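Only one structure is covered here, and it is reproduced in the block below.
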Amino acid sequence: MANTNCLRCLARPAFPSPNILNATTRAGMGIQRRAASKLAKPSNTQGRKNEKVKGQKTLRIKKKAPVKTGKPPAPGERKAMRKRIVLSNTNALEVEGLRELDSKMLGEWEESVVRELQAGEDDLVMQGALGLLEGEGGEAKGEAKVVGKVVALMGSTVDSLRAVEAFKTTQGWGLFRRPGLLIREESVALSKKLILSEEGGVLRLVIDGERGTGKSLLLLHAMATAFVRGWVVVNIPEAQEVTNAMNDYAPLPGTTPTLYSQPSYTATWLSQINKANLALLSEMELTLTHNLPIPLQSNISLSRLCELGARDPDVAWPVFQAFWAELMAEGRPPVLLSLDGLSNVMRESAYRAPDVSLVHAHDLAIVNHFVGYLSGEKELVNGGAVLAATNRSHAPRSKSLDLMLTQLLEAQVGEEEITEKDPFEKGYDSRVEWALGVKEAEASVEADVEGVETASSPSSVKEVKKEENVEAAVEKVQTVPGPVEVLKLKGLSKVEARGLMEYWAKSGVLRKTVNEQEVAEKWALAGKGVVAEIERGALRMRI
Amino acid sequence: MKVAWLPTSLREGLRCQFSVRPVAFNSNVRRRGLDASTKQFSTSTRLQAGIAAPEIKFKNESNGEDEEEKLFFARLVPESPSYFTAQPAFTDDLLALQDLVRKYSTLPVVKPGEAPRVAWRSLVEYRNMVGESVKASKYHKIVEVLRRLNQIHPSLMPRDVTAALNEYKRDVNPFQNVTKIAPLDEHGRAAGHGRRKTSSATAWVVEGTGEVLVNGKTLAEAFGRIHDRESAIWALKATDRIDKYNVWARVGGGGTTGQAEAMTLAVGRALLSHEPALKPALRRAGCMTRDPRRVERKKPGHVKARKMPAWVKR
């Protein structure tokens, strides 16, 4: 069941739920009953208190029950407290000269992307080393200013990010005056890739890394970039909420294999999407005709469509499909589809099918939708990106996912030896390979190329043939979307760590002079600059 | 044993037994004074000369020499003129040393700081040696003279001075005890080994930028507690050298705390090979001393090492 009261604030329901009523009445009855029993049989245990009990050899002193004081919190209040997200601290100092992550900054990066592309072309055409050098110089100059600096998020971006639940309770937003992001080299690279993917050529990326290396924050950075660039952001904030069987679910009719929709989760998700992208969606009108179980006006905005879906969980899934079809129509903005906690979706969910077998997470409609785009089977027509981040704290281990990520990473780096499957391991899941875009097709292409190579002999005709074959194979590779990219996050560099610590010092949270020694110490103690560990050592564990 | 406390009669005998210095006449003064008396009391030890009766001369033993022994003192003559001072042995020693200084005053000397470092006998040791209650200020006079003698250029040091100095040197010279430092290997690595509780650690320290790998894991992965991470590289932190060295360590046995503190010692010792002058700083930081404490064993009749079962009335 979906909760009646809001989880992110302390608002209580207007009228108490029947459960509470029951609880109080039961308690009242209990009191009456106890009183009645007292009347019936007056207790006579006072005199016996210190008397020896026969057969008891050791001294026993009864412990007093702790006295209960105050009113216990109302149901749901504790959870609301736990899930509350504080984004501002009025006691923290305001940092002066903080840049904002706005369209101007992204524009600078776009320029540098364009310049790089041009430089690359020049290089190809006329080997213009001079142009390349200039381009590199300019780029380095523009980025060096930003990398290792903390930038603030714009107010509108913060609202949208809050709506898509991009902020997590474990992150230290509540320490600072306003939400800010450290710009790392990886985040600049990611932003540039996102900007490139606007033109088409969807970016499909899995962000991996050790615990506390900033995977979720990089995802947040991507979302912030998308919001600033005017994308539609569709985010699944916690994959485990989708798969841990805490929501109602129902099989979708007419699907083989059977997919399961999650009506109330979809409804809240739709309202989130609407709230986050309100400015964009309210501008867009329906262009297609949909066959929905509810009557629909032809000229309503997409925002209104989402509202309709959010209002009624029963139609939420069909409405979401209609909404998605509209987004994929021509002339719509790019879409960012993101998910945090990938390993939760790469295994069997906690839901059960009618024959009591566990439902694979990919058979849940929402996850299926996401994985379809992550694998590259379906394409974001108007450009955009599919991002997924893994999770290292309280995340299930998915053996296949781990293996695939290491293999993909090794292939990306171009290592000679690629880790092979453990032949004695039973826990592998073939659907994970498919979800990460590693398919039979690619394997066959490789086989083709190899076959050509083995067949080639030192005659000119065959040489030509081989070249043609290789070209054909390359074309095939280009048409078939390859496996996803993997970004392995590591610790910060010392420059970035220093920028972050200086920001903390300016905010008045870190009361130390930030110098080379201090940075080196914190960086080393945090295991080569793992961000969360630096924060833990510098801010949380102050003695 | 403190001979100086004993009565004079016992002192002499015991001193002969315990003293390092052979009982002999070591001063010219004393010898000169005794030249005459040797004929009368032919035994050479001071002990006998002090307390024994004169030797009996028999007629038939007499040779031509006997004729010369006409000289006879009516009273006992002390072996040294300084017998009448309060501390005759001390006075003799001082005079002998001063004689030496006077004798070799023309020899070239080294600069005050460059003389070989020598640990002289302590006051108590000296008192036991001579068997007299010598004051500290008096013994200091001897030490000053010794220092002056020690400053004579080593290549020209006369044999008798060396012998005199050796008598006043402590048996073990602590300044000769120089610690051996393990050299760096051809890759510039220094290995150190440390133990704590049941853990043991080996650390290889090399010049670098502050990267630490423990059993192939980063510091954060290897040790969850920040306190443990700090103790693992405490040797570097206490000497402000975190960003100057890289550490590669293997640890095993025991728990996390033991492993981290075994690393403290290992890194500290490896760091010494790079910079031996850091030893006092590292000792102050507690990176040199092995903590010998271990889990105390359980005893029969006890519940744990010390805990006794609860008292029960019958």
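The values are calculated or read from the model by the stated rules, or taken from the named source; none is laboratory data. From a predicted model like this one, the values you see are computed outputs, not experimental measurements. Glycine gets a Cβ as well: all are built from the backbone with ideal geometry, and neighbour counts include every protein chain shown. What goes into the accessible areas is simple: the full protein's heavy atoms, side chains included, and nothing from ligands, DNA or RNA. Shrake-Rupley method; radii C 1.70, N 1.55, O 1.52, S 1.80 Å.
Does B:LYS304 meet the test of being over 38 Å from the mean Cα position of the chain (by Cα) and surrounded by fewer than 19 Cβ atoms within 10 Å (Cβ to Cβ)? Considered against the rule, which asks whether it is over 38 Å from the mean Cα position of the chain (by Cα) and surrounded by fewer than 19 Cβ atoms within 10 Å (Cβ to Cβ), B:LYS304 comes out as yes. Scanning the stretch B:203-227 for residues that are facing chain A (nearest Cβ under 10 Å) and not in a loop (DSSP other than H, G, I, E, B) yields a total of 11. Checking each residue in the stretch A:157-174 for being part of a helix (DSSP H, G or I) and open to solvent by 30 Å² or more (accessible area, probe 1.4 Å) picks out A:ASP159, A:ARG162, A:GLY174.
So that you can scan it fast, the table gives a plain yes or no per residue for (1) within 13 Å of another protein chain (Cβ to nearest Cβ); (2) out of contact with any helix residue (DSSP H, G or I) (no Cβ under 9 Å at 6 or more places or on another chain); (3) closer than 30 Å to A:GLY376 by Cα:
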{"position": "A:VAL486", "(1), (2), (3)": "no, no, yes"}
{"position": "A:LEU500", "(1), (2), (3)": "no, no, no"}
{"position": "A:LYS506", "(1), (2), (3)": "no, yes, no"}
{"position": "A:VAL519", "(1), (2), (3)": "yes, no, no"}
{"position": "A:GLY527", "(1), (2), (3)": "yes, no, no"}
{"position": "A:VAL530", "(1), (2), (3)": "yes, no, no"}
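Where helices (runs of 4 or more DSSP H) sit wholly within the stretch A:491-543, those with at least 1 residues that are surrounded by 20 or more Cβ atoms within 10 Å (Cβ to Cβ) and without any contact (Cβ under 8 Å) to a residue 40 or more places away in the chain occupy A:494-507, A:516-525.
Residues that are in contact with a Phe, Trp or Tyr (Cβ under 7 Å, 6 or more places away or on another chain) and outside any strand (DSSP E or B) within the stretch B:228-255 comprise B:ARG229, B:ALA232, B:LEU236, listed in sequence order. Tell me, yes or no, whether the stretch A:393-409 has at least one residue that is part of a loop (DSSP other than H, G, I, E, B) and touching a strand residue (DSSP E or B) at 6+ places or on another chain (Cβ under 6 Å). Checked the stretch A:393-409: no residue is part of a loop (DSSP other than H, G, I, E, B) and touching a strand residue (DSSP E or B) at 6+ places or on another chain (Cβ under 6 Å).
Yes/no matrix, rows are residues, columns are (1) open to solvent by less than 70 Å² (accessible area, probe 1.4 Å); (2) assigned by TED's automatic domain parsing to the domain that holds A:ASN368:
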| site | (1), (2) |
| --- | --- |
| A:VAL381 | no, yes |
| A:GLY384 | yes, yes |
| A:LEU387 | yes, yes |
| A:THR390 | yes, yes |
| A:PRO396 | yes, yes |
| A:LEU403 | yes, yes |
| A:GLN407 | yes, yes |
| A:GLU410 | yes, yes |
| A:LYS421 | no, no |
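Screening A:LYS215 against (1) touching a helix residue (DSSP H, G or I) at 6+ places or on another chain (Cβ under 8 Å); (2) open to solvent by 10 Å² or more (accessible area, probe 1.4 Å); (3) not polar (S, T, N, Q) leaves a single unmet condition, (1).
Scanning the stretch A:97-121 for residues that are closer than 26 Å to A:GLY508 by Cα and touching a residue at least 40 places away in the same chain (Cβ under 8 Å) turns up A:LEU98, A:ARG99, A:GLU100, A:LEU101, A:ASP102.
Residue count for the stretch B:228-240, restricted to those that are in contact with a Leu (Cβ under 6 Å, 6 or more places away or on another chain) and facing another protein chain (nearest Cβ under 9 Å): 1.
Just for the stretch A:353-379: of the residues that are of a type outside the set (A, V, I, L, M, F, W, C) and open to solvent by 30 Å² or more (accessible area, probe 1.4 Å), which one is farthest from A:HIS221 (Cα to Cα)? Walk me through it before giving the result.
The first filter runs over the stretch A:353-379 and keeps only residues of a type outside the set (A, V, I, L, M, F, W, C), leaving A:354-355, A:357, A:360, A:362-363, A:368-369, A:372-373, A:375-379.
From what's left, open to solvent by 30 Å² or more (accessible area, probe 1.4 Å): A:354-355, A:357, A:368, A:377-379.
Values: A:PRO354: 41, A:ASP355: 43, A:SER357: 39, A:ASN368: 25, A:GLU377: 26, A:LYS378: 25, A:GLU379: 23 Å.
Result: A:ASP355.
Comparison of A:ALA350, A:ALA325, A:ALA316 shows that the only residue that is open to solvent by 10 Å² or more (accessible area, probe 1.4 Å) and in a helix (DSSP H, G or I) is A:ALA325.
Residues in the stretch B:122-146 that are basic (Lys, Arg) and either outside the structural domain of B:ASP93 (by TED's automatic domain parsing) or touching a residue at least 12 places away in the same chain (Cβ under 8 Å) (or both): B:ARG127, B:LYS138, B:LYS141.
Taken as a whole, the stretch A:330-344 holds no residue that is at pLDDT below 95, over 26 Å from A:LEU161 (Cβ atoms), in contact with a strand residue (DSSP E or B) (Cβ under 9 Å, 6 or more places away or on another chain) and charged (D, E, K, R). Residues A:ALA119, A:ALA74, A:ALA65, A:ALA92: which one is more than 14 Å from chain B (Cβ to nearest Cβ), outside any loop (DSSP other than H, G, I, E, B), at negative phi and of a type in the set (Gly, Ala, Ser)? Unique residue meeting the criteria: A:ALA119.
Inspect the stretch B:143-152 for any residue being in a loop (DSSP other than H, G, I, E, B), hydrophobic (A, V, I, L, M, F, W, C) and open to solvent by less than 30 Å² (accessible area, probe 1.4 Å) and give the result as yes or no. Break it down into steps so the answer makes sense when it comes.
Our first condition is that a residue be in a loop (DSSP other than H, G, I, E, B); within the stretch B:143-152, this holds for B:151.
With hydrophobic (A, V, I, L, M, F, W, C) added as a condition, the list becomes none.
Scanning the stretch B:143-152 turns up no residue that is in a loop (DSSP other than H, G, I, E, B), hydrophobic (A, V, I, L, M, F, W, C) and open to solvent by less than 30 Å² (accessible area, probe 1.4 Å).
The residues of the stretch B:241-263 that are within 14 Å of chain A (Cβ to nearest Cβ) and either open to solvent by less than 20 Å² (accessible area, probe 1.4 Å) or among the polar types (S, T, N, Q) (or both), listed by number, are B:ILE242, B:TYR245, B:ASN246, B:VAL247, B:ALA249, B:ALA260, B:MET263.
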